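Following: one structure in structure tokens, then a few remarks.
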Amino acid sequence: MAEKALKKATLQLKGMSCASCAQTIEKALNKANGVKKAQVNFAAEKAYVEFDPGIINEGKLADVVRSTGYDVKEEREKITLKIGGMTCASCASTVEKALNKAEGVFSASVNIASEKGTVEYDPQVLSREDFKKIVATTGYEVVGFEGDETITSQVEEDDDLKKVREAKKRMWGAWAFTIPIILWMIPEMIYGVAWPNRTIYDLGMIILAIPPLFFFGRKTFVTAYKAVSHGGANMDVLIAIGTGAAFVTGPAVFFTPIANYAGVAAMIMAFHLTGRYIEETAKGRASQAIKKLLELGAKTATIIVDGEEKEIPIEEVKPGDIMLVRPGEKIPTDGEIVEGKTSVDESMATGESMPVEKTVGDEVIGATVNQNGLIKVKATKVGKDTFLSQVIKMVEEAQGTKVPIQEFADRITGIFVPTVLIIAALTFILWLVFPDAFRSVGIWANSFLPWVNPTLGTITLAIFATIAVLVIACPCALGLATPTALMVGSGLGAENGVLIRKGEAIQTMKEVHTIVFDKTGTITKGQPEVTDLSPANGFSEEELLQLAASVEAGSEHPLGVAIVEGAKARGLALKDIEDFGAVTGKGVKAKIEGKEVLVGSRRLMEEAGIKTAGMEKEMQRLEEEAKTAMLVATEGKLVGIVAVADALKEDSVAAIKELRELGLETAMITGDNERTAKAIAKEVGIDHVVAEVLPDGKVDEIMRLQDRFGIIAMVGDGINDAPALTQANVGIAIGTGTDIAIESSDITLVRGDLSAVVTAVKLSRATFRKIKQNLFWAFIYNTVAIPVAILGLLHPVIAEVAMATSSISVVTNANLLRRVNIKPNYVKE
């Protein structure tokens, strides 16, 4: 194990009670593959580990500790670095490797398209200054951190515009000298005449090539030098060597019998800078989603201070401030309406075009538009805590993650440039060693490729082929294939109320066999109401409902709340209760005037020894109507049945139908009894039903479904269903109001209707399709282009055009994702 590859980590341990515990952990760590040395200090409760990061990482080390029955206290934070100086995928790979090797880094991902790095790290080990130093050792620099006041939307926008402007200036500057070179070359290429004579022609090519290469193309050479001086190699190294070698043939023509490629060097640089300009513009389009989101925020707010209106910058708004919002104005920040009613255009948050009615007590989202009423809003969230800030953060984090299919491309990108340099060197040597073999290929191709001239000298042909190899090879197409599609896809999702938190969810969604829905609040509205009262002999409806509501007043369950509201609506007074208790998954019980009252399922009654056969027929009738029937009993005998129904969401049936048309099977998981569950499933069109599941049994049921069907996605509440969402291969959480930072989810839906699930499926599939297309063509391009260049069949200028085109086409293809319809078919625009 090479010393230079080793990395050190310090783990904070939990659960040790003696020195034997420390010995157990130390032995387990030392046995782990990739660990060179591990020492555990019982007194400090720390493990000091030296390991090979190529084999094992901090996360796996923590798993080793947990396998011994102890735990690791991990303090993790995420930070997003804005990295300057990167020009290609190899640059991103170099920076990413350096960050991942640093002690205290759990994971790091660098996105060349957004020019940002997302790092999960231990704040006790690393600081911001450390990140600057780590990146600096690779030859690049950290120009800012996400969340800094200096990185505002305007600075971001200006920075991108500045890059495009500079790229455009360099491009046209290079062409100003390259166009005369091309015009001057035409007589020589067509008629073989170097006008006015060979000496002046050769000098002219050299002089005209100097500005495109060393003035307008200077950044390429500088970046290449930085990469090489820090022990790396990137795309600019290939271009610098290729154009440099071509330019050297200019002066060399006066001393050796070779062709003058100085003019060709200028042409290569001009096309390279053109490619950079178009790529920069296209990358700007790919990242426009975050810019659009940043632009949505209000700049000022009108607050009420001592009865007076006062306009202040949005940064000065504090929680508790009362904001006045007139019709047509943006709501400045997240809050709650305290006066007035209106309709709000929430399309920026949910993608839903229909305005939403709002009144006193309702939540409103900052940056949405107040349409027709004058309202007063109490600010509840400001700054980084607002809905809009959370969305921007989640989109940026998604863009900082990776899709599993990208890993292979990343491995290739990491060694691509050194490999191409070796191939180029071998090409030059092989042409000198086997000139006749290569020349015969040129003679064959001469009839249909006008730029192939097998009559040139061997050294000239060797240089020709070598330069072509250097400039045709393109790691950028491979490096940009996934990040650009992920950027466009995550941004498009945010515009439509679908927030992708992890890139790997996009690939996993493609393989999902079954989508599992929690019933309450997902398929149904989560607002049940009393529909039927069936009293037993000797009891009235009023007595039945009063007893049930009095007991349920102690419960927070939605069904209990519905019964209490039903009693209040009928004007019934609730009785005082004692010894209230909830029986998980079965019901509730309490004492009223000293008598025990039970409200719940058959199981609750059976356990209490109460016979339910007399009302079984009525129970079955209600359950077959998709109603939840709850038995009520007191003093050992039945009082009757209270039936509650939770209405289906308006689009549940249509959404489930479209999901099935997309080739997915559906399942519903619920605490309801099997008859009620099957009735609801039949009404909606669900394929599989898992009924009578206790709250803590959902994880086990998801595991059983995974054993039965394979890859599973789960749609549910981000709080109550968090363990099940985590267990599912893809967790899809429905956000509640302005709270969308749901850690247990891979995808978060801003709005609660099921059309967002359909959108998430369509978006994931479309994004992954673009990623696959990009990677396929990038692989094909390099697989075909390099051998053709080795054989001397590609003119270096054509090679450069092809290389630039491959990168541009990948980014352009990613941007075409915006044209894909990801809306459900039943939703009419």
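Here is how the numbers come out for the structure above:
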{"item": "Of the criteria (1) closer than 26 Å to Gly34 by Cβ; (2) open to solvent by 10 Å² or more (accessible area, probe 1.4 Å); (3) not in a helix (DSSP H, G or I), which one Lys82 fails", "result": "(1)"}
{"item": "The stretch 430-466: number of residues that are in contact (Cβ under 8 Å) with a residue 40 or more places away in the chain and of a type in the set (Val, Ile, Thr)", "result": "6"}
{"item": "Positions within the stretch 630-649 being part of a strand (DSSP E or B) and open to solvent by 10 Å² or more (accessible area, probe 1.4 Å), in sequence order", "result": "Met630, Thr634, Lys637, Leu638, Ala645, Leu648"}
{"item": "Flag if Ile443 is at pLDDT 90 or above and either over 31 Å from the mean Cα position of the chain (by Cα) or within 30 Å of Gly735 (Cα to Cα) (or both)", "result": "yes"}
{"item": "Tally of residues being open to solvent by 10 Å² or more (accessible area, probe 1.4 Å) and among the β-branched types (Val, Ile, Thr) across the stretch 318-349", "result": "2"}
{"item": "Residue check, Phe145 at pLDDT 90 or above and among the aromatic types (Phe, Trp, Tyr)", "result": "no"}
{"item": "Single unsatisfied condition, Ala227 versus (1) open to solvent by less than 10 Å² (accessible area, probe 1.4 Å); (2) aliphatic (A, V, I, L, M); (3) at pLDDT below 80; (4) touching a Ser or Thr at 6+ places or on another chain (Cβ under 6 Å)", "result": "(4)"}
{"item": "Qualifying residue in the stretch 504-513 (condition: in contact (Cβ under 8 Å) with a residue 24 or more places away in the chain, closer than 25 Å to Glu624 by Cα and not polar (S, T, N, Q))", "result": "no"}
{"item": "Scope the stretch 476-518; condition closer than 22 Å to Met703 by Cα and either open to solvent by less than 10 Å² (accessible area, probe 1.4 Å) or not in a helix (DSSP H, G or I) (or both); matching residues", "result": "Lys502, Ala505, Ile506, Met509, Val512, His513, Thr514, Ile515, Val516, Phe517, Asp518"}
{"item": "Among the residues listed as Thr302, Thr274, the single one being at pLDDT 70 or above, among the polar types (S, T, N, Q) and touching a Lys or Arg at 6+ places or on another chain (Cβ under 8 Å)", "result": "Thr302"}
{"item": "Residue list for the stretch 662-675, restricted to those being over 26 Å from the mean Cα position of the chain (by Cα) and either surrounded by fewer than 17 Cβ atoms within 10 Å (Cβ to Cβ) or over 21 Å from Asp700 (Cβ atoms) (or both)", "result": "Glu674, Arg675"}
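Each row is one residue, and each column tells you yes or no for (1) open to solvent by less than 40 Å² (accessible area, probe 1.4 Å); (2) out of contact with any His (no Cβ under 9 Å at 6 or more places or on another chain); (3) at pLDDT 85 or above.
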site: Leu763; (1), (2), (3): yes, yes, yes
site: Arg769; (1), (2), (3): no, yes, yes
site: Gln773; (1), (2), (3): no, yes, yes
site: Glu800; (1), (2), (3): yes, no, no
site: Ala804; (1), (2), (3): yes, no, no
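Results for (1) of a type in the set (S, T, N, Q); (2) in contact with a strand residue (DSSP E or B) (Cβ under 8 Å, 6 or more places away or on another chain); (3) touching a residue at least 60 places away in the same chain (Cβ under 8 Å), shown as yes or no for each residue.
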{"residue": "Ile523", "(1), (2), (3)": "no, yes, yes"}
{"residue": "Glu529", "(1), (2), (3)": "no, yes, yes"}
{"residue": "Asp532", "(1), (2), (3)": "no, yes, yes"}
{"residue": "Ser550", "(1), (2), (3)": "yes, yes, no"}
{"residue": "Lys595", "(1), (2), (3)": "no, yes, no"}
{"residue": "Leu598", "(1), (2), (3)": "no, yes, no"}
{"residue": "Arg602", "(1), (2), (3)": "no, yes, yes"}
{"residue": "Glu606", "(1), (2), (3)": "no, no, no"}
{"residue": "Gln620", "(1), (2), (3)": "yes, no, no"}
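The values are calculated or read from the model by the stated rules, or taken from the named source; none is laboratory data. Predicted model only: the values in this text are computed from it and were never measured. Here Cβ is always computed from backbone atoms with ideal geometry, including for glycine, and neighbour counts include all displayed protein chains. When the accessible area is computed, the model is the full protein with side chains, heavy atoms only, and any ligands, DNA or RNA have been set aside. Shrake-Rupley method; radii C 1.70, N 1.55, O 1.52, S 1.80 Å.
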